Each structure stands twice: as C-alpha cells, then as structure tokens.
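The values are calculated or read from the model by the stated rules, or taken from the named source; none is laboratory data. None of these values were measured; they are calculated from a predicted model. All Cβ positions, even for glycine, are placed from backbone atoms using ideal geometry, and neighbour counts span all protein chains on display. Surface areas here come from the heavy atoms of the whole protein model, side chains and all, with no ligands, DNA or RNA. Shrake-Rupley method; radii C 1.70, N 1.55, O 1.52, S 1.80 Å.
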Amino acid sequence: MVFSKRKMKQFLAFGVTIVLVICLYKSWGSPTNGISHYTYDDDDSSVVGVEDNAAIDQEARRAGPSPERLVLSVADRSGQKQHNSIDSVNNDAAGQARALDDVERVLTQSKLQRPLRKGAFVPGSVQKRRHEPSGLNDLGLDDLDRESRLNELHEAKRQIVELERKIQELEGRIPRKYPDVTFLNYKNRKRILITGGAGFVGSHLVDYLMMQGHELIVADNFFTGRKRNVEHWLGHENFELIHHDIVNPLFIEVDEIYHLASPASPPHYMYNPVKTIKTNTLGTINVLGLAKRVGAKVLIASTSEVYGDPDVHPQPETYWGHVNPIGPRACYDEGKRVSETLSYAYAKQEKVNVRVARIFNTYGPRMHMNDGRVVSNFIIQALQNQSITIYGSGRQTRSFQYVSDLVDGLVSLMASNYTQPVNLGNPVERTIQDFAEIIRDLVGGKSKIIELPAVEDDPQRRKPDISRAKKYINWEPRVPLQEGLVKTIDYFRKELARSNHSQRNIFVPETTEFRSLL
C-alpha cells in the first residue's frame, strides 16, 4: 500500500511537469524551430507565414539553442530520471521540486542573457504595434539616433579643445630652450648696446654677439624692426630688449655701442624725412654722449649713400662723394654724412673711441618684405609669379653682400684699433638686370621682367673699394651670391606661407667649422 502511494506521487509530479511544459510551449512557440511560426514584421502587424520558415530556421541555427529547447531538455532529463527512479524507494517529491527549479532557472537566465531577435514574438507587442504607426516610430528612432550622434560629436570637439588648452598650458610651463652660448666670466664678458637691434642687420649682429657669450641690450622703436627677429632670445639672462627711440637720451651702463638705428631703405626713410634726419643727428648725439659718459667704444653704422651718385668708381673711403643736398634721398644721405661728422667731432674734442663703417648693399633672411630694396622686391615678385619691376634701364650696377659677411666686418672693425671710415661691401659688381634674371631662375617661376621709369637721384654705379678693410681688419666677403640668395629665397617663401603667430622664427647658429667651410 505504501509502494502504491509513492508511485502515485511520482506520477502526479510527472503530470505537473508535463502541464508546465505544455504551458511553456503555448507561450514561447514551437520547440522544433526555437521561435514561433507566426512572427510580426517591424513595419506592420502582418503575419509572416510558413513560406518564411527556411529563413527563420537559418536564423535560429545562427542564434543557437532557444530557451524552449533548453526547457524541454531539462524536462526530458527530469522525466528520464523520474522513470529510472520509479522503483527507487529513496526518490520522492523533493526530486521533482528540484527539477522544477532547474526549469525555472534556465528560463530566467535565457530571458536575461539572450537579446530579442528581429521579428521575435513578445507577448503584448501586437497590441502595442497596432496603436503605433510604423513610419512615425521609425522616424522617431532615426531622429533620436541622429541627435545622439551630434551630441557625441560636440562632446568630442569640446574634449579636443580642452586637451589643446591643457597642452598649451603645459608647454607654457616648460622652460624656453636657447642655443648653447659661450660662457664668459666677468673679466671677458662685455655689456653691449645695439640701437636698432631688432632690425635686419641688427638682429643678426645680436645672434653673433650672444653666441660669443656677451650681454646684449637692444634698443629699438620698431619702426622697421620687429620683435620676431629677436624673439628666440627673449627671456635669456644675457639679453634685454628695450622699446626706446634713440632720439631721446638713454641712460645705461655699457662697454660697447653699435649704433645701427635708422631706416635704411628709400621707402622707409622717405616716409618721414624729418624723423630720419633726427635719428641720424640727435640719435647719434645721444649715442656719442652716452659713450662719453660711460667710456664706451662706439661703432657708427654709416652707408655707401654718403658717396651719392659717384663720379669715382670704385669708391674708396677717401672719396668725398657727389650728393644732392635737397634731393629725395638727402634726408638719409646728408643725415649719415652729419653722423660721421659728429663722430669725429666727439672723437677729437671728447676723446670718444669711435669706429665708422660705410655699409654697402646687404641682403639675407629677416629683410623687411616691404622695404622696397632690389633683392626683396625681386624675390617677392618672383615667388608670387608677378612681373619683376626694374626702375630704369636695368644697366645700373650694385654690389650685394650677404648679411653674415657684414656682421663679421662690423665685429672685426669694433675689435680693431683703426679709427678711420671703412667700406664694408662686396666688390663683385652686377647689373640690376642680371640680379632680376638670377633671382627668377632660382625661384623657378615664369615672371616677366618689365622696366619702369627711373627713380630720381638713383646711383648708376656702386662698387666698394675694400682695400682698407683687407689691410686693417683682415676682412673680405666670403659667401657666394648664389648661396646667399638661396637662403634668402627660402626665408621669404616661409614668411609668405606663414598664417599664424605660433610659427616662430627658428634660429640655428652656424658653427665655426661651417662658417670656415663657407
């Protein structure tokens, strides 16, 4: 009797399992395919028939075993265990409860872990789809997706801007890297003032003297000079930049003075003739007065323009010149002549140690792009494929020296004991027409060379006699014209391509070995 009661309990538990499987079958669909034969499309509530079973079967195989099959497998295992344990006296209703728990656990895990496939049946979805127009639903999803993507893009841009700001902040904390300058002790180190030191020639002189290890003070009113020319030295312990017009007195302690302050190109010194005269007269008086007070040696940068339109060729330092005192160039020509006169007056009366350099045409990087000089004009016009303009017939001659050669001459003259004027220039003479053709060929453009009316008082021939420089300061130019023009063209090409202030002027010092090779 006891055996029959146990048997009845086992059959009752098995019957409950069968009922549960039938209920699951009705709610999840056919266990043979893993999904229902009747699924609902995304666009409407139409029924997909049996003709789509092949595609559904293929999708089901890719998706893996369905929850229904997992349930049936667990149920089958439970049922098999039940059949095998009918004769066992130790199997009771607790075993059936564990089997039911296994079925429930499998269903729960399958619902949580498996995402619903497209077209899968979800109870209650039919009624929901019947109340929602399919087109609007899709449009809403697209709008939300588009808005989400736009928000992500805006957030990415904001983060990029924030990172760039942080990088700039961190770069600002990094100490500025300067070229390795020579260290001089207090006995050999000099404090040197360069008026007009932010200009074309002055900035190259600053580079040379800084590399020698001296302390430099640059005074410039930035009429033609630019901070960009000396920006690579800003903040260095041996360098100081003063915004000062030398027409006004300057009170500092220095050992040497290079007086280069003056506009040197015709468009610049003709722009304000009175100011040009003041710079070369009052400015020179202030410089000589400073040299007198502190006992400094001073070098006055004169010009080949003191010879005017010369009758003597080439021009030696003993030639007095042929200058029009009331012409358009007189503000510069006569201003420099007075500057020389003042220098030797101070030397004779006040015992000021003076040097006078008569500088001939010079070219090189950092030339002002709008200075109106021959080399800069031709290079800019050739780089921009414009017509190269020559004022006059083009048969007038000039002698051009590279800026590094001039700097060597200025430093050698300052270090010498020679006090008379010295010509610093290139004795190789070429016509303006030749210069235009050479520059056009180096640039590689197809610019035409055209002639314009000649400029008033334009010198027809210009060539220095550098015998005195060779004899007394052992100097002569060394950089060939082609090499200097290539460097200058490269500089102007980069300047024309520059579009923001972050593209800094890079100074790479030339080693002694490199300069001797030149």
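Yes or no: Glu476 part of a loop (DSSP other than H, G, I, E, B), under 22 Å from Asp311 (Cα atoms) and open to solvent by 20 Å² or more (accessible area, probe 1.4 Å)? So that I can check it myself, show each step before the final result.
Details: part of a loop (DSSP other than H, G, I, E, B): yes; under 22 Å from Asp311 (Cα atoms): no; open to solvent by 20 Å² or more (accessible area, probe 1.4 Å): yes.
It is false that Glu476 is part of a loop (DSSP other than H, G, I, E, B), under 22 Å from Asp311 (Cα atoms) and open to solvent by 20 Å² or more (accessible area, probe 1.4 Å).
Looking at Thr341, is it at pLDDT 95 or above, in a helix (DSSP H, G or I), of a type in the set (Val, Ile, Thr) and closer than 20 Å to Phe222 by Cα?
So Thr341 fails the test.
Mind listing whichever residues of segment 214-236 are over 23 Å from Gly364 (Cβ atoms) and modelled with pLDDT under 95?
Gly235, the sole residue that qualifies.
What is the number of the single condition among (1) within 19 Å of Tyr269 (Cβ to Cβ); (2) over 31 Å from the mean Cα position of the chain (by Cα); (3) open to solvent by less than 10 Å² (accessible area, probe 1.4 Å); (4) aliphatic (A, V, I, L, M) that Met367 does not meet?
(2)
Select from segment 294-320 the residues that are touching a strand residue (DSSP E or B) at 6+ places or on another chain (Cβ under 6 Å) and more than 19 Å from Gln420 (Cα to Cα) and write down the one among them that is surrounded by the fewest Cβ atoms within 10 Å (Cβ to Cβ).
Checking each candidate, the answer is Asp311.
Go through segment 398-439 and report how many residues are of a type outside the set (S, T, N, Q), in a helix (DSSP H, G or I) and in contact with an Asp or Glu (Cβ under 9 Å, 6 or more places away or on another chain).
4
Is it the case that segment 246-256 has a residue that's out of contact with any Ser or Thr (no Cβ under 7 Å at 6 or more places or on another chain), modelled with pLDDT of 95 or more and not in a loop (DSSP other than H, G, I, E, B)?
yes
Got a number for residues in segment 453-465 being closer than 30 Å to Val354 by Cβ and open to solvent by 20 Å² or more (accessible area, probe 1.4 Å)?
First, the residues of segment 453-465 that are closer than 30 Å to Val354 by Cβ: 457, 459, 461-465.
If we keep only those that are open to solvent by 20 Å² or more (accessible area, probe 1.4 Å) too, we end up with 457, 461, 463, 465.
Total satisfying the criteria: 4.
Among the candidates Thr224, Thr281, single out the residue that is open to solvent by 10 Å² or more (accessible area, probe 1.4 Å), of a type in the set (Val, Ile, Thr), assigned to a helix (DSSP H, G or I) and in contact (Cβ under 8 Å) with a residue 60 or more places away in the chain. Outline the logic, then answer.
Numbers: Thr224 fails: assigned to a helix (DSSP H, G or I).
That would be Thr281, the only listed residue that is open to solvent by 10 Å² or more (accessible area, probe 1.4 Å), of a type in the set (Val, Ile, Thr), assigned to a helix (DSSP H, G or I) and in contact (Cβ under 8 Å) with a residue 60 or more places away in the chain.
Being under 24 Å from Arg430 (Cβ atoms) and open to solvent by 20 Å² or more (accessible area, probe 1.4 Å) narrows it down to one of Pro328, Pro267, so name that one.
Only one candidate qualifies: Pro267.
Would you tally the residues in segment 348-369 being within 17 Å of Ser399 (Cβ to Cβ) and either free of Cβ contacts under 8 Å to residues at least 40 places away in the same chain or in a loop (DSSP other than H, G, I, E, B) (or both)?
First, pick out the residues of segment 348-369 that are within 17 Å of Ser399 (Cβ to Cβ): 357-364, 367.
Among the residues that remain, those that are also either free of Cβ contacts under 8 Å to residues at least 40 places away in the same chain or in a loop (DSSP other than H, G, I, E, B) (or both) are: 360-361, 364, 367.
Here the count works out to 4.
Checking Val374 against (1) at pLDDT 95 or above; (2) within 30 Å of Lys227 (Cα to Cα), only one condition comes out false. Which one?
(1)
Given the condition charged (D, E, K, R), out of contact with any strand residue (DSSP E or B) (no Cβ under 7 Å at 6 or more places or on another chain) and touching a residue at least 24 places away in the same chain (Cβ under 8 Å), answer yes or no: does some residue in segment 422-431 qualify?
Among the residues of segment 422-431, not one is charged (D, E, K, R), out of contact with any strand residue (DSSP E or B) (no Cβ under 7 Å at 6 or more places or on another chain) and touching a residue at least 24 places away in the same chain (Cβ under 8 Å), which makes the answer no.
Which of the residues belonging to segment 412-441 are among the aliphatic types (A, V, I, L, M) and open to solvent by 60 Å² or more (accessible area, probe 1.4 Å)?
Of everything in segment 412-441, those that are among the aliphatic types (A, V, I, L, M) and open to solvent by 60 Å² or more (accessible area, probe 1.4 Å) turn out to be Ala415, Val428.
One residue is enough: does segment 201-217 have a residue meeting the conditions farther than 28 Å from Pro175 by Cα and either surrounded by fewer than 19 Cβ atoms within 10 Å (Cβ to Cβ) or not aliphatic (A, V, I, L, M) (or both)?
No, the conditions are met nowhere in segment 201-217.
May I ask you to verify whether Leu163 is open to solvent by 70 Å² or more (accessible area, probe 1.4 Å), out of contact with any strand residue (DSSP E or B) (no Cβ under 7 Å at 6 or more places or on another chain) and either more than 27 Å from Arg226 (Cα to Cα) or not polar (S, T, N, Q) (or both)?
yes
Residues that are assigned to a helix (DSSP H, G or I), surrounded by 18 or more Cβ atoms within 10 Å (Cβ to Cβ) and modelled with pLDDT under 95: does segment 443-452 have at least one?
Yes, segment 443-452 contains a residue that is assigned to a helix (DSSP H, G or I), surrounded by 18 or more Cβ atoms within 10 Å (Cβ to Cβ) and modelled with pLDDT under 95.
Mind checking which residues of segment 346-389 are under 16 Å from Val306 (Cβ atoms) and among the aliphatic types (A, V, I, L, M)?
To start, the set of residues in segment 346-389 that are under 16 Å from Val306 (Cβ atoms) comprises 354-362.
Matches in segment 346-389: Val354, Val356, Ala357, Ile359.
One residue is enough: does segment 370-384 have a residue meeting the conditions open to solvent by less than 30 Å² (accessible area, probe 1.4 Å) and not in a helix (DSSP H, G or I)?
There is at least one residue in segment 370-384 that is open to solvent by less than 30 Å² (accessible area, probe 1.4 Å) and not in a helix (DSSP H, G or I).
What pairs can you find where one residue is in segment 316-330 and of a type in the set (Ser, Thr, Tyr), the other is part of a loop (DSSP other than H, G, I, E, B), and their Cβ atoms are less than 7 Å apart, with a gap of 6+ or different chains?
From segment 316-330, the pairs are Tyr319/Pro310; Tyr319/Val312.
Since Ala469 meets every condition but one in (1) among the hydrophobic types (A, V, I, L, M, F, W, C); (2) open to solvent by 30 Å² or more (accessible area, probe 1.4 Å); (3) assigned to a helix (DSSP H, G or I), which condition does it not meet?
Looking at each condition in turn, Ala469 falls short on (2).
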